[in-house]
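Asks: One structure, as structure tokens, below. Some questions next.
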Amino acid sequence: MINTIIKTMARNNTFDYPVSLTYALIGNDVCNGHIGTGSMTTPREFYDNVVGALQYLDNVLPNGSHISLVGLVDGRILYDSMHSVFTRLDQLKRTSNMLTFTTS
């Protein structure tokens, strides 16, 4: 994120009003489609990415700005409550032949 999305924010830290920014720590690499955990973010990479993003924001955001960090949820809770729930795409697949999934 530090090298892509976060740098699309344009702020002038001298002339702009302070901002209230929400930094959501989501787990995109958990649902990455790769078998095993070898392609997931390591704890060190995660730490470095968050600290790097905060350092970047400290230089870009106007004085007086505030950042709220929203932490990751416990994936076990999500799995326990959602693993048997069908999404809209699942429902469409089950009711029509219009949707085809491929694996590679």
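Asks: Taking only pairs six or more apart or across chains, which ones have beta-carbon atoms under 9 Å, a first residue in the stretch 35-51 that is in contact (Cβ under 8 Å) with a residue 12 or more places away in the chain and under 20 Å from residue 5 (Cβ atoms), and a second residue that is among the acidic types (Asp, Glu) and assigned to a helix (DSSP H, G or I)?
Replies: So the pair list comes out as 41/29.
Asks: Something else: Looking only at the stretch 54-78, filter to residues that are assigned to a loop (DSSP other than H, G, I, E, B) and of a type in the set (S, T, N, Q); which one of those is nearest to the chain's Cα centre (by Cα)?
Replies: Filtering the stretch 54-78 down to residues assigned to a loop (DSSP other than H, G, I, E, B) leaves 61-65, 71-74.
Checking the rest, the ones that are also of a type in the set (S, T, N, Q) come to 63, 65.
Values: 63: 26, 65: 22 Å.
Step by step, filter the stretch 54-78, then rank; the result is 65.
Asks: Just the residues that are surrounded by 11 or more Cβ atoms within 10 Å (Cβ to Cβ) and under 11 Å from residue 23 (Cβ atoms), please, taken from the stretch 62-73.
Replies: 67, 69
Asks: Let me ask something else about it. So, of the residues in the stretch 12-48 that are of a type in the set (A, V, I, L, M, F, W, C) and within 20 Å of residue 68 (Cα to Cα), which turns out to be modelled with the lowest pLDDT?
Replies: My answer is 26.
The values are calculated or read from the model by the stated rules, or taken from the named source; none is laboratory data. Please read all numbers here as calculations on a predicted model, not as lab measurements. Neighbour counts are summed over all protein chains in view; Cβ atoms, including those assigned to glycine, are modelled from backbone coordinates with ideal geometry.
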